[in-house]
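The values are calculated or read from the model by the stated rules, or taken from the named source; none is laboratory data. Keep in mind it's a predicted model, so treat the numbers as computed, not measured. Heads up, the Cβs are rebuilt from the backbone with ideal geometry, glycines too, and the neighbour counts pull from every protein chain shown.
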Amino acid sequence: MPRLKSRSIQETIEFAHFFASKLSGSMNVVYLTGAVGCGKTLICREICKYFNIIDLNSASFQNISFFSTSSLNVVHCDFYLNKIDELAFEENILPLLMPNWLMLVEWSNPVSFLGDINHHSIHIEVSNNNYRDISWC
């Protein structure tokens, strides 16, 4: 699993753009895990900016946000307050997954009922000196 020690917000932004550039195919889900305040939403926001979506904010109190461009539909899920189950997925998220789509999921482990799509994970840890240790696959 590749690792990066991010020493600044700018390095974290550069990582997010690099990661976004490596996403391939028309259906991708990216799971982001780490403690509160570690930078999950920053990385989601910067992945979206890479795809010309500029208005992503933390969705902790709204759980699911949908964004669309002419070439990509993005669903951002923040499950800090609520976890996802299959029924909620089918009712609230599945209708938003129109081709080509990218789903960014904070606070969730991989969801088994998503099936055979491109799954990616980003894990962020804050070290004692406030560096971000970012690992991904």
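Numbers for the structure displayed
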quantity	calculated
Odd one out for Leu114, checked against (1) under 13 Å from the mean Cα position of the chain (by Cα); (2) modelled with pLDDT under 90	(1)
Residue within the range 72-79 that is in contact with a Lys or Arg (Cβ under 6 Å, 6 or more places away or on another chain), assigned to a strand (DSSP E or B), more than 15 Å from Gly25 (Cα to Cα) and modelled with pLDDT of 80 or more present	no
Residue satisfying all of: in the range 2-51; β-branched (Val, Ile, Thr) and in a helix (DSSP H, G or I); surrounded by the fewest Cβ atoms within 10 Å (Cβ to Cβ) among these	Ile9
Pair list, Cβ < 9 Å and 6+ apart or interchain, from the range 114-134 residues that are in contact (Cβ under 8 Å) with a residue 24 or more places away in the chain to residues that are among the basic types (Lys, Arg) and surrounded by 15 or more Cβ atoms within 10 Å (Cβ to Cβ)	Ile122/Lys40; Ile124/Lys40; Ile124/Arg132; Glu125/Arg132; Val126/Arg132
Every pair of residues 6+ apart whose Cβ atoms lie under 6 Å, when the first sits in the range 1-19 and is on the phi < 0 side of the Ramachandran plot and without any contact (Cβ under 8 Å) to a residue 40 or more places away in the chain while the second is surrounded by 14 or more Cβ atoms within 10 Å (Cβ to Cβ) and charged (D, E, K, R)	Ile13/Glu46; Ala16/Glu46
The range 99-111, residues that are modelled with pLDDT under 85 and either surrounded by fewer than 15 Cβ atoms within 10 Å (Cβ to Cβ) or more than 28 Å from Ile13 (Cβ to Cβ) (or both)	Asn109, Pro110
Set Phe15, Phe19, Phe51, Phe89: member being farther than 18 Å from Glu125 by Cα and either in contact with an Asp or Glu (Cβ under 8 Å, 6 or more places away or on another chain) or at pLDDT 85 or above (or both)	Phe51
Residues (farther than 24 Å from Leu97 by Cβ, in contact with a strand residue (DSSP E or B) (Cβ under 8 Å, 6 or more places away or on another chain) and of a type outside the set (D, E, K, R)) located in the range 1-58	Met1, Pro2, Leu4, Ser6, Thr12, Phe15, Gly34, Ala35, Gly37, Cys38, Gly39
